[in-house]
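Student: Dropping the structure in here first, questions after.
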Amino acid sequence: MAAAESPLEAPERGLLEGQADATYGSTPIPEAQGGQSGDAPRLSPEEVLNEVMRNADEYAKILLNAFLKGVAPLLAEALGTFALVFTVGCVVTSPTPSPWSATSIASVLMVMVYATGPISGGHLNPAVTFAMALVGKKSFGGVMIYWLFQFMGAFMAAAVYKMVCAPHLAVVAPVPPFSAGYAAGGEMLYTAMLVFVVLCCAVAKKNTPNQFYGLAIGFVVLAGGHAVGRISGAALNPAVSVALGLGSGKDPHWALVWFAAELFGAALAAGVYRILRPEEFGKSEASNGPDLKTRCLAEAFGTFMLVVTVGLNIVSGSRATGYSAAAALMCMIYSLGSVSGAHFNPAVTLAVLAGGRERISRRDAGAYIVAQVVGGLLAGLVYAAYHLGSAVADKSIKLVPGREFDLAQASIAELITTMFLGYVVLCIATVREPYAKDLFGLVVASAVTGGSFAVGSVSGGELNPSVTLGLMMGNVVNPGKGGIGPVGSWLALIFSELAGGLLAAGLFRLTHRKEFLEEAGGDDKDDGTKGLEKDATEETKDVEAA
């Protein structure tokens with residue numbers, strides 16, 4: 001039966017399947033009489049060689065394109081890692097002012113993630129690649145290949161930076177007076193944060209595609225650089241710690257300790273990612289989004305990272321606490337905004353609740369606030385532990401007004417700055433048609449930056465009851481020689497921050513009446529809106545006439 005089939009009914013075969021008479025690169029040969037493929041004339045070896053030589057350029061292009069397609073991601077990883085490690089080496093060994101060291105490294109990481117992301121995924125970090133395998137996005141064989149090129153780029157960068165900056169060398173080791181345990185813990189914690197942000201902003205289907213992934217990833221270095229830079233050096237990347245640590249020739253064993261801590265942080269991040277984004281692993285999600293338990297865990301984790309960043313900046317003597325805390329807030333907003341809304345602040349949750357429009361229920365708001373308080377208190381315990389191991393362990397870090405200011409001034413400062421923070425959140429993140437979809441995290445974080453630096457010398461610039469409670473917990477655990485701060489000061493600041501959230505909701509209702517008129521529906525909505533527009537037009541004409 002097979003011999004009786006017509007050649008026209010036979011399935012077509014491609015060139016890679018061995019079809020000798022395919023049209024690509026060859027001349028069709030007419031079939032012989034009888035219609036059987038076996039009767040068709042065959043090319044002699046000489047003719048085959050001539051065909052290959054005649055199309056050699058085309059075959060070479062095909063092979064070159066295939067080669068480059070496979071090698072391009074690896075070269076991109078090597079190049080991006082080279083740029084990052086070279087920058088770290090130069091910044092660490094140069095007299096760059098410390099407030100800008102982390103900014104420099106974060107900026108290079110950000111731009112190289114954007115540059116190499118479309119080609120290789122923009123890992124530029126063996127810990128990130130390791131986490132990709134743990135969440136099922138990459139094979140362990142692929143991890144080894146990526147590691148090879150990442151470390152190759154890192155060691156080349158280490159050699160080049162030493163030529164540029166000699167005789168100065170970057171050393172990987174605990175920064176005195178902190179011990180190895182504190183330093184390794186800092187590397188683990190902020191490597192976990194970095195990897196978690198990568199997974200949420202560049203991998204999670206619910207949160208991609210977006211334009212903010214590189215910004216969020218880069219700014220983790222800004223947050224961690226100021227928080228643990230004076231504790232561990234804030235490498236947050238095995239390619240950085242191993243290449244610079246082994247290249248320095250001083251205590252090279254610390255490079256391996258950092259490597260282990262950073263990989264452990266990556267594994268921790270992968271575990272948290274599985275918990276907070278179960279839909280990425282085949283678990284069904286309710287039509288109205290994640291359940292309350294998942295959202296509360298997200299709020300607790302985001303608040304924890306924010307508060308611990310504030311605390312570690314304080315105990316390590318950073319001069320950019322507001323900048324670092326705002327960076328941590330932005331990264332966590334971008335990472336968890338699609339899970340819980342990313343409030344991370346009881347005053348913001350209160351503002352969203354008072355802002356109406358059913359953006360959050362009373363039950364959920366209460367659960368959010370509890371989760372935020374728990375996250376802040378846990379962060380306070382971590383911060384207290386680091387305070388005990390710091391150079392200022394005997395000093396009491398109290399929540400009291402700054403010098404030459406009283407509690408009333410501090411309370412007013414917290415009320416106003418928290419009010420503006422809550423107002424910005426309501427305007428940017430809760431309106432019907434957000435007009436800063438990829439900038440919302442940066443906008444909210446900028447409000448924190450401005451407020452913290454504006455009133456930091458007056459009230460501390462917490463702008464968040466969870467931060468206040470976390471710092472209070474640290475003071476209770478380690479009161480130092482100065483003892484525990486006055487309870488009245490804590491309560492006054494917390495009350496002022498919550499009141500600021502309520503005032504933010506009131507201002508939002510006044511300035512965004514359209515958000516509420518549209519919900520009314522029917523003819524009243526249209527008439528009301530038109531009436532407002534008409535009144536505004538008439539007032540403008542009156543002003544012009546005057």
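Student: Can you tell which of Ala72, Ala157 is more than 23 Å from the chain's Cα centre (by Cα), hydrophobic (A, V, I, L, M, F, W, C), assigned to a helix (DSSP H, G or I) and at pLDDT 95 or above? Break it down stepwise before answering.
Tutor: On the way: Ala72 fails: at pLDDT 95 or above.
None of the others qualify; the one that does is Ala157.
Student: Now for a separate question. Considering only the range 423-439, I want to know if a residue exists there that is over 28 Å from the mean Cα position of the chain (by Cα), outside any helix (DSSP H, G or I) and hydroxyl-bearing (Ser, Thr, Tyr).
Tutor: For the range 423-439, residues over 28 Å from the mean Cα position of the chain (by Cα), outside any helix (DSSP H, G or I) and hydroxyl-bearing (Ser, Thr, Tyr): absent.
Student: If you check every pair at least six apart or on different chains, which have Cβ atoms under 6 Å apart with a residue in the range 422-443 that is closer than 22 Å to Ala354 by Cβ first and a residue that is surrounded by fewer than 16 Cβ atoms within 10 Å (Cβ to Cβ) and among the aliphatic types (A, V, I, L, M) second?
Tutor: These pairs meet every condition: Ile428/Ala436; Val443/Ala436.
Student: Looking at (1) modelled with pLDDT under 95; (2) not assigned by TED's automatic domain parsing to the domain that holds Ala384, which is the one condition that is false for Ile314?
Tutor: (2)
Student: Might you let me know whether the range 287-300 holds any residue that is part of a helix (DSSP H, G or I), touching an Asp or Glu at 6+ places or on another chain (Cβ under 9 Å) and buried (at least 24 other Cβ atoms within 10 Å of the Cβ)?
Tutor: No, the range 287-300 has no match at all.
Student: So, one more: Name the one entry in Ala133, Ala184, Ala173, Ala157 that is of a type in the set (A, V, I, L, M, F, W, C) and surrounded by 24 or more Cβ atoms within 10 Å (Cβ to Cβ). Walk me through how you get there before you give the answer.
Tutor: On the way: Ala133 fails: surrounded by 24 or more Cβ atoms within 10 Å (Cβ to Cβ); Ala184 fails: surrounded by 24 or more Cβ atoms within 10 Å (Cβ to Cβ); Ala173 fails: surrounded by 24 or more Cβ atoms within 10 Å (Cβ to Cβ).
The match here is Ala157.
Student: What number of residues within the range 477-490 are among the hydrophobic types (A, V, I, L, M, F, W, C) and loosely packed, with under 13 Cβ neighbours inside 10 Å?
Tutor: Of the residues in the range 477-490, 1 are among the hydrophobic types (A, V, I, L, M, F, W, C) and loosely packed, with under 13 Cβ neighbours inside 10 Å.
Student: Could you say which residue among Phe151, Phe178 is part of a helix (DSSP H, G or I) and surrounded by 18 or more Cβ atoms within 10 Å (Cβ to Cβ)?
Tutor: None of the other options fit; the residue is Phe151.
Student: Check Met163 against each of (1) hydrophobic (A, V, I, L, M, F, W, C); (2) at pLDDT 95 or above; (3) assigned to a helix (DSSP H, G or I) and name the one condition it does not meet.
Tutor: Result: Met163 passes all but (2).
Student: So Phe453 ticks every box in (1) buried (at least 19 other Cβ atoms within 10 Å of the Cβ); (2) in a helix (DSSP H, G or I) but one. Which box is left unticked?
Tutor: Answer for Phe453: the failing condition is (1).
Student: When you look at Val352, is it surrounded by fewer than 23 Cβ atoms within 10 Å (Cβ to Cβ) and modelled with pLDDT of 95 or more, yes or no?
Tutor: no
Student: Could you please find all residues in the range 345-372 being of a type in the set (Ser, Thr, Tyr) and not in a loop (DSSP other than H, G, I, E, B)?
Tutor: Correct list: Thr349, Tyr368.
Student: A follow-up question, please. Cβ-Cβ below 6 Å, separation at least six or inter-chain, first residue in the range 399-414 and within 20 Å of Gly501 (Cα to Cα), second at pLDDT 95 or above and of a type in the set (Asp, Glu): which pairs?
Tutor: Note: pairs meeting the criteria are Glu414/Glu497.
Student: Same structure again: Just for the range 240-269: of the residues that are of a type in the set (D, E, K, R) and outside any helix (DSSP H, G or I), which one is modelled with the lowest pLDDT?
Tutor: This residue is Lys250.
Student: Answer with yes or no whether Val113 is of a type in the set (A, V, I, L, M), closer than 22 Å to Phe212 by Cβ and buried (at least 19 other Cβ atoms within 10 Å of the Cβ).
Tutor: Details: of a type in the set (A, V, I, L, M): yes; closer than 22 Å to Phe212 by Cβ: yes; buried (at least 19 other Cβ atoms within 10 Å of the Cβ): yes.
Answer is yes for this residue.
Student: State which residue is surrounded by the fewest Cβ atoms within 10 Å (Cβ to Cβ) when the search covers only the range 373-399 and only residues that are in contact with a Pro (Cβ under 9 Å, 6 or more places away or on another chain) and assigned to a helix (DSSP H, G or I).
Tutor: Top of the filtered list is Val373.
Student: Residue pairs, Cβ under 6 Å, 6 or more apart or interchain, first in the range 116-140 and outside any loop (DSSP other than H, G, I, E, B), second modelled with pLDDT under 95 and among the basic types (Lys, Arg). List them.
Tutor: Partner pairs satisfying both residue conditions: Met132/Lys138.
Student: Surrounded by 16 or more Cβ atoms within 10 Å (Cβ to Cβ), of a type in the set (A, V, I, L, M) and farther than 23 Å from Asp406 by Cβ: which single residue out of Ala499, Ala505 fits that description?
Tutor: So the residue among Ala499, Ala505 that is surrounded by 16 or more Cβ atoms within 10 Å (Cβ to Cβ), of a type in the set (A, V, I, L, M) and farther than 23 Å from Asp406 by Cβ is Ala505.
Student: OK, next. For Tyr368, all conditions in the list (1) of a type in the set (Phe, Trp, Tyr); (2) touching a helix residue (DSSP H, G or I) at 6+ places or on another chain (Cβ under 7 Å); (3) without any contact (Cβ under 8 Å) to a residue 12 or more places away in the chain hold save one; what is the number of the exception?
Tutor: Condition (3) is where Tyr368 drops out.
Student: A further question follows. Any residue in the range 320-332 that is assigned by TED's automatic domain parsing to the domain that holds Phe212 sitting within a Cβ distance under 8 Å of a residue that is not basic (Lys, Arg)? List the pairs, counting only those 6 or more apart or interchain.
Tutor: If the second residue must be not basic (Lys, Arg), no pairs are left.
Student: Can I ask one more? Just to be sure, is Lys283 of a type in the set (Lys, Arg), surrounded by fewer than 20 Cβ atoms within 10 Å (Cβ to Cβ) and not assigned by TED's automatic domain parsing to the domain that holds Ala158?
Tutor: Values: of a type in the set (Lys, Arg): yes; surrounded by fewer than 20 Cβ atoms within 10 Å (Cβ to Cβ): yes; not assigned by TED's automatic domain parsing to the domain that holds Ala158: yes.
Judged against the criteria, Lys283 is a match.
Student: Hey, another quick one. Can you find a residue that is in the same structural domain as Met110 (by TED's automatic domain parsing), of a type outside the set (D, E, K, R), more than 10 Å from the chain's Cα centre (by Cα) and surrounded by fewer than 24 Cβ atoms within 10 Å (Cβ to Cβ) anywhere in the range 210-226?
Tutor: Taking the range 210-226 as the starting set, the residues that turn out to be in the same structural domain as Met110 (by TED's automatic domain parsing) are 210-226.
From what's left, of a type outside the set (D, E, K, R): 210-226.
Pick out the ones that are also more than 10 Å from the chain's Cα centre (by Cα) and you get 210-211, 222-226.
Retained after the next criterion (residues that are surrounded by fewer than 24 Cβ atoms within 10 Å (Cβ to Cβ)): 210-211.
Yes, the range 210-226 contains a residue that is in the same structural domain as Met110 (by TED's automatic domain parsing), of a type outside the set (D, E, K, R), more than 10 Å from the chain's Cα centre (by Cα) and surrounded by fewer than 24 Cβ atoms within 10 Å (Cβ to Cβ).
The values are calculated or read from the model by the stated rules, or taken from the named source; none is laboratory data. Predicted model only: the values in this text are computed from it and were never measured. Virtual Cβ from ideal backbone geometry, glycine too; neighbours counted across all protein chains shown.
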